[in-house]
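Enquirer: Before anything else, here's the structure in question.
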Amino acid sequence: MDQFPQKPEDTSAPSEPPQRPEPSRSDDPSTQGQRPIPPSVDPQTIESGESAQAAVADYELKSARTLATVATVAGPISFIIGGVALSTVALVCAIIAFVKIRSVLDDVAPAKQPYARALRQTALMGIGIGAVALVLNGVSVAMMLPVLMEAMQTGDYSAILGDAASSLSPTSPSEDGGNAWG
């Protein structure tokens, strides 16, 4: 008394799923010195080495465009909020974008050469903006550091906050018994 009906057995020949070619291994001597094919490119659609290089170059250009955009946006924002870390990120992104563009500039299709050159100029502009932002933010931190250290050591924040420091009520350890827990 089976509660579950039996499934009829399939006697036809087992069908195999279509197989994709294996990606090349890095220790294969025939692929030494070549860039890997990005995951968005189907290896079956690539017919020659030139189209593979063009696909990789397009992928690298897209990546470089994103990095250059981040650099040109993050640099000026770091001026507003005064962030050394953000200006460092902008400078690093711009440098990486410039290096990527320079490495694939010769592999790009002739129709995309002007775009790649314009993108290289954008990356150079990002390097300039990021470097200036980093220097100016570093100088401002270096100028403010002694004032911040003195205010933290003395507890007098009027040099930093001005009249707003009077609203802070300093409490001495003797009032609370000297215990952080009350």
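Here's the yes/no breakdown for (1) of a type in the set (Val, Ile, Thr); (2) part of a helix (DSSP H, G or I):
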{"site": "Lys62", "(1), (2)": "no, yes"}
{"site": "Val70", "(1), (2)": "yes, yes"}
{"site": "Val73", "(1), (2)": "yes, yes"}
{"site": "Val108", "(1), (2)": "yes, no"}
{"site": "Ala111", "(1), (2)": "no, yes"}
{"site": "Arg120", "(1), (2)": "no, yes"}
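Enquirer: Still on this structure: Does any residue of region 121-130 turn out to be touching a residue at least 12 places away in the same chain (Cβ under 8 Å), under 29 Å from Ser63 (Cβ atoms), among the hydroxyl-bearing types (Ser, Thr, Tyr) and open to solvent by less than 50 Å² (accessible area, probe 1.4 Å)?
Expert: Looking for residues that are touching a residue at least 12 places away in the same chain (Cβ under 8 Å), under 29 Å from Ser63 (Cβ atoms), among the hydroxyl-bearing types (Ser, Thr, Tyr) and open to solvent by less than 50 Å² (accessible area, probe 1.4 Å), one finds at least one in region 121-130, hence yes.
Enquirer: Six or more apart or on different chains, Cβ under 9 Å: which pairs go from a residue in region 88-101 that's touching a residue at least 60 places away in the same chain (Cβ under 8 Å) to one that's crowded, with 18+ Cβ neighbours inside 10 Å? Could you list them?
Expert: none
Enquirer: Looking at region 68-81, which of the residues that are of a type outside the set (Ser, Thr, Tyr) and in contact with a helix residue (DSSP H, G or I) (Cβ under 6 Å, 6 or more places away or on another chain) is modelled with the lowest pLDDT?
Expert: The extreme case among them is Phe79.
The values are calculated or read from the model by the stated rules, or taken from the named source; none is laboratory data. None of these values were measured; they are calculated from a predicted model. Neighbour counts are summed over all protein chains in view; Cβ atoms, including those assigned to glycine, are modelled from backbone coordinates with ideal geometry. Surface areas here come from the heavy atoms of the whole protein model, side chains and all, with no ligands, DNA or RNA. Shrake-Rupley method; radii C 1.70, N 1.55, O 1.52, S 1.80 Å.
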